[in-house]
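Student: Mind looking over this structure? Questions follow.
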Amino acid sequence: MTLTQKILAAHCGKKSLTAGEMIMARVDLALGNDITCPPAIAAFESAGGTRVFDPDKVAIVLDHFAPNKDIASARQCATCRSFAEKQGIKSFFDVGQMGIEHALLPEKGLAKPNMLIIGADSHTCTYGALGAFATGVGSTDLAYAYKTGELWFRVPQAIKITLEGKLRTDVSGKDLILHIIGKIGVSGARYASLEFGGNVSALGMDDRFTVCNMAIEAGAKNGIFPVDDATDAYTAVSCGTAFERVYADADAEYERELTIDLDALEHTVAKPHLPENTETLSSLAKRKIKIDQVVIGSCTNGRLSDMEAAYKVLKGNKVAKGVRVIIIPATQEIYLKSIERGYIQAFIEAGAAVSTPTCGPCLGGHMGILSDGEVAVATTNRNFIGRMGAKSAEIYLASPHVAARAALLGHIG
């Protein structure tokens, strides 16, 4: 079996599974946010639900339109607050304590290796970086899990990605996943598990979170890394312990296999309007595409190492005239550490605006919506038409290093 199949088998009481099987599996953690949780609550209650299956296995994070941007979003958050209090949900994170969900849950030790995690948010696949099976579901699926503690799955086929070599200075996990999506396309891994192997030690945990976060952008059901020393070091801090190491069998079957030479990997940018529309920075820079806005943050690239990458570029420099730069640390802890290390002061002195943790402009919510015809470089995960504002706006996806460089230059370069 593949690594994903082993985790699913352990959660449905079977000794083995094959791709395509339909199973009912036990859920270890069910996640909702301020957009997806209210309809899940409505479905749960309309189905006769009175108590969630286990309040300790439910997490709700108010991160998309919070702090509330309007009356509608305030009502959504109020619905979540009332439900969390009524159900005794301890893992409820509101303004002042919350962060962007996919950075917050690992930090809080709620996402762990070998778990089966579902979330009514497509980027729930982020937790595969810890060696968990994690995938996004719809709000009605979340409601079913709230009521029963289990959910149905079709066991995914798998694509094996073998990493060789190591990343060059300033090249990151964002460049890697954009390169992969550019290679296989936004539907190249449809309902497959992207399983990473080879020299995974070449990637730190933050890079692995970024890679798994964007597995969905290749159409994947999930992305997953095996547990190794880096994982153990991370969970020693977040959970206070290490976890069993589970690996794919040597004779596991894969739909296809890819090998990525990390030594040869370049800075990579996804051009409008799909993550698969990639080009190396060295090529794209020749066109000196003028920009109006830079966003550094999101569940993809709002972690401490991302703040550090931006700091190294922006420190002592000034943002180009006419460019708006918005930087969003992904959690309160990351925000505090960024203050302690001098990152926030450097950002502000460079001419950037720094926000409390929020998804904000990533999904066209608030804190940086684009006007007609504007061009942005963002460390987010999607650059669809209208994703961040006006339908005529253009979004280029890049790493924090590349985004910060563009902020200083006033163009992509």
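The values are calculated or read from the model by the stated rules, or taken from the named source; none is laboratory data. The model shown is predicted, which means the values in this text are computed figures rather than measured ones. Using ideal geometry, Cβ is built from the backbone for each residue, glycine included, and neighbour counts are taken over all protein chains shown. Keep in mind that these areas ignore ligands, DNA and RNA; they rest on the heavy atoms of the full protein, side chains included. Shrake-Rupley method; radii C 1.70, N 1.55, O 1.52, S 1.80 Å.
Student: Quick one: of the DSSP bridges fully inside the chain, what percent are antiparallel, nearest 5?
Tutor: 20
Student: How high is the relative contact order of the chain, in percent, with contacts defined as C-alpha pairs under 8 Å that are six or more residues apart?
Tutor: Reported as a whole number, the value is 17 percent.
Student: A further question on this structure: Evaluate the distance, in nm, between pseudo-label points positioned 7 Å from the Cα of Val237 and of Glu266 along their respective Cα→Cβ axes.
Tutor: With each label placed 7 Å out from Cα toward Cβ, I get 3.3 nm.
Student: Once R0 is set to 35 Å, what does the formula 1/(1 + (r/R0)^6) return for the Cβ-Cβ distance between Glu255 and Asp229, expressed as a FRET efficiency to the nearest 0.05? Please report the intermediate quantities before stating the final value.
Tutor: Details: r = 29 Å, r/R0 = 0.83.
For Glu255 and Asp229, the calculated efficiency is 0.75.
Student: Give me the percent relative contact order of the range 10-69, please, defined on Cα pairs under 8 angstrom at least 6 residues apart.
Tutor: 42
Student: Charges at C-beta only: +1 for Lys and Arg, -1 for Asp and Glu. How large is the resulting dipole of the range 300-389 about its Cα centre, in Debye rounded to 20? Numbers along the way, then the final one.
Tutor: Working: 10 positive and 7 negative charges, 32 e Å.
For the range 300-389, the charge dipole is close to 160 debye.
Student: Can you tell me the accessible area per residue over the range 277-413, all protein chains present, probe 1.4 angstrom, in square angstrom?
Tutor: 38
Student: Before anything else, pin down the relative contact order of the range 328-413: Cα pairs under 8 Å, at least 6 apart, normalised by residue count, whole percent.
Tutor: 21
Student: I've got another one for you. Where the only charges are on Cβ atoms (+1 Lys, Arg; -1 Asp, Glu), what is the dipole of the chain about its Cα centre, to the nearest 20 debye?
Tutor: I would put it at about 760 debye.
Student: For the range 218-269, what does the accessible surface come to per residue with a 1.4 Å probe? Please give it in Å².
Tutor: 50
Student: With a 1.4 Å probe and all protein chains left in place, how much of the accessible area of the chain comes from carbon and sulfur atoms, in whole percent?
Tutor: So the carbon and sulfur contribution to the accessible surface is 50 percent.
Student: Quick one: what are the phi-derived ³J(HN,Hα) couplings along the range 128-136, Karplus 6.51/-1.76/1.60 with θ = phi - 60°, whole Hz, x for glycine and proline?
Tutor: x, 4, 8, x, 9, 8, 9, 8, x
Student: Counting Lys and Arg as +1 and Asp and Glu as -1, each charge on the Cβ, what is the dipole of the range 269-350 about the Cα centre in debye, to the nearest 20?
Tutor: With Lys and Arg at +1 and Asp and Glu at -1, about 440 debye.
Student: Further question on the same structure: Taking the alpha-carbon distance from Lys112 and a cut-off under 20 Å, which lysines remain once sequence neighbours fewer than 8 residues away in the same chain are dropped?
Tutor: Lys6, Lys57, Lys90, Lys221
Student: Between Arg26 and His273, what length comes free when the chain is fully extended (0.36 nm per residue of separation minus the Cα-Cα distance, one decimal in nm)? Each step should come with its number before you reach the end.
Tutor: Working: separation 247, 0.36 × 247 = 88.92 nm, distance 3.73 nm.
Answer, rounded to one decimal: 85.2 nm.
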